[in-house]
Amino acid sequence: MSTPPVSTPLGTPKIRIRGLHKAFGSKIVLDGVDLDVEAGTSMVIIGGSGSGKSVLLRCILGLIEPDAGTIEIDGENLLTASRSKQDALRRQIGMLFQNGALFDSMSVGENVAFGVRAKHSDRNGATPSRTQALQIAGGLLEQVGLDPSVGELSPSELSGGMQKRVGLARAIAGSPNIMFFDEPTTGLDPIMGAVIDGLIVDCVQKLGSTAIAITHDMASAQRIGNRAAMLYRGKLIWQGEASELMNSGNAMVDQFTHGRREGPITMELRK
Amino acid sequence: MNAVLDPIAALGRAALGLIKQAGALALFALEALSHLVRPPFYWRIFFSSLIETGFFSLPVVALTALFSGAVIALQSYVGFGQYHVQSAIAGIVVLAVTRELGPVLAGLMVAGRVGAAMSAQIGTMRVTDQIDALTTLSTDPMKYLVTPRLLAGTLALPCLVLVADILGVMGGFTVSVAKLGFSPSTYITATLDSLKTMDVVVGLVKAAVFGFLIALLGCYNGYNSRGGAEGVGSATTAAVVGASILLLLFDYLLTDLFFSQ
């Protein structure tokens, strides 16, 4: 069931990013990002809208091709590796999308079962049958605090919080070594946000995964992360312990985390 | 000087844009087709697309074909009456339906119904991150979403056109016998005498090409849609308009290829 452990060379971060650049036309979104994420760390990346957080995640996932730089997982450069190697490295990653991104043509149970079958069939092992996958999906739904009977519903019948839980169940279906969370509490009330954060922490700890979460929500950032970094205009301007977020000593980070209007960060009304 | 050069420059830009689009569409098609020979193949998606494209399009295609055959019979009767060659109506109906009206009208109906649906469905998946989610679940979106639909479109439309051919001829027969006073046996004999295997086969070949184009345009526009609901709407419109134009263009090219001697 669980992903075979991948040996990371001693002293090598699980994820290492160097000089990552990405521009869309004349708009530079990532401007030389360097980032190390040690194995077992939960890294939270904060930053304003349009600062490049989502693009950074999408570059690592291979959904967007960066213009320059390197992205290493377990010491292997994703961008120069063979296609099969890239697929194998990315297979270790589970992703929870901001809006859940559940397949609306499938039931909730089928969504999670899809994750079970997709990740298992990758490993040259026997792919679970549809019935077996649905049974495993029921267990995963329970793991994220949902009754397995929810599996029969359509995603559109669920609340935002429930959709996030189902998205989480689908993301952990392959027992990933690395997990990404794209603004996991956006659109949720504070209590549901805390519940989702708790589930994320539980899942990451249970799987022993390395996690990267991007968020605007400072309470969520402190609950999920043990390390934190801030992106501003495509550059990583600060890294530190998540517990230091509210008192980082960096004027930009402090302005952002305390939500102050005045400070070195200025609103871009038009760019 | 600018008054002369600006329109030429605009024309050049439009031409380059068109060539770029055509190239992108061709690469998209090639990539999708390459998945036909690389496992896995998603049979469930294929069969569900086949039923959606073929079975659920039957009523609209059948009605269109039936009335088209009937209208041709009526119009021919009026037109041919001037030359006293009403007896040619059965031949004209079967020729028009099998060679042209069956494939083209069925294609246009399917473009409006299925091409739009494919584009809207895949476009919605694109703007709600469902396609990215497929990638993160180690599933190639082209293989999962596009290839089965292309194959289903290519196989479903010939079946629909076969039905359209039969119903189109039946429409002509019904009007000719019930309204225009033809003898049923004479009409059927004249129809069978005029029916050529080549006409039917070429009609079915056209249908397969049209089915491929409709699915290709639907998938391509949906897959590349951007910008939320408005983007999905634009993609859907582009899919239907693009498929209809390409369908008529290829209809001409195939007719020229098979029938211009």
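The values are calculated or read from the model by the stated rules, or taken from the named source; none is laboratory data. This is a predicted model, so every value here is computed, not measured. All Cβ positions, glycine included, derive from the backbone under ideal geometry; neighbour counts span all protein chains shown.
Couple of notes before you dig in:
- Some residue of region A:9-25 being within 14 Å of another protein chain (Cβ to nearest Cβ), modelled with pLDDT of 90 or more and within 30 Å of B:Thr124 (Cα to Cα): yes
- Any hit, region B:247-259, residues being at pLDDT 95 or above, aliphatic (A, V, I, L, M), assigned to a helix (DSSP H, G or I) and closer than 16 Å to B:Thr53 by Cα: no
- Looking across region B:121-140 at every residue that is under 16 Å from A:Arg117 (Cβ atoms) and in a helix (DSSP H, G or I), the one that is farthest from the other protein chains (Cβ to nearest Cβ) is identified as B:Leu134.
- Unmet criterion (only one of (1) of a type outside the set (Ser, Thr, Tyr); (2) more than 13 Å from chain B (Cβ to nearest Cβ); (3) farther than 27 Å from A:Ile73 by Cα) for A:Ala126: (3)
- Among the residues of region B:1-59, those that are of a type in the set (Ser, Thr, Tyr) and either surrounded by fewer than 10 Cβ atoms within 10 Å (Cβ to Cβ) or within 15 Å of B:Thr147 (Cα to Cα) (or both) comprise B:Ser34, B:Tyr42, B:Ser48, B:Ser49, B:Thr53.
- Scan of region B:72-87 for residues that are among the hydrophobic types (A, V, I, L, M, F, W, C) and either touching a residue at least 24 places away in the same chain (Cβ under 8 Å) or touching a Lys or Arg at 6+ places or on another chain (Cβ under 9 Å) (or both), ordered by number: B:Ile72, B:Ala73, B:Leu74
Residues are listed down the side, and each one gets a yes or a no for (1) buried (at least 20 other Cβ atoms within 10 Å of the Cβ); (2) small (Gly, Ala, Ser); (3) over 30 Å from B:Phe259 (Cβ atoms):
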{"position": "B:Val94", "(1), (2), (3)": "yes, no, no"}
{"position": "B:Gly112", "(1), (2), (3)": "no, yes, no"}
{"position": "B:Gln121", "(1), (2), (3)": "yes, no, yes"}
{"position": "B:Val127", "(1), (2), (3)": "no, no, yes"}
{"position": "B:Ile131", "(1), (2), (3)": "yes, no, yes"}
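- Test: residue in region A:114-121 that is outside any helix (DSSP H, G or I), surrounded by 15 or more Cβ atoms within 10 Å (Cβ to Cβ) and within 11 Å of chain B (Cβ to nearest Cβ): no
- Selected residue (criterion: nearest to A:Val150 (Cα to Cα)) from residues of region A:92-101 that are crowded, with 20+ Cβ neighbours inside 10 Å and facing chain B (nearest Cβ under 7 Å): A:Ala101
- Filter pass, A:Arg223 being closer than 22 Å to A:Gly187 by Cα and either among the acidic types (Asp, Glu) or surrounded by fewer than 17 Cβ atoms within 10 Å (Cβ to Cβ) (or both): no
- Of the residues making up region A:238-267, those that are of a type in the set (Val, Ile, Thr), crowded, with 18+ Cβ neighbours inside 10 Å and more than 24 Å from A:Pro190 (Cα to Cα) number 1.
- Output for region A:64-76, where each listed residue is at pLDDT below 90 and either in a strand (DSSP E or B) or facing another protein chain (nearest Cβ under 7 Å) (or both): A:Glu76
- The single condition among (1) touching a residue at least 12 places away in the same chain (Cβ under 8 Å); (2) out of contact with any Pro (no Cβ under 8 Å at 6 or more places or on another chain) that B:Ala178 does not satisfy is (1).
- Of the residues A:Asp104, A:Asp87, the single one that is within 9 Å of another protein chain (Cβ to nearest Cβ) and assigned to a loop (DSSP other than H, G, I, E, B) is A:Asp104.
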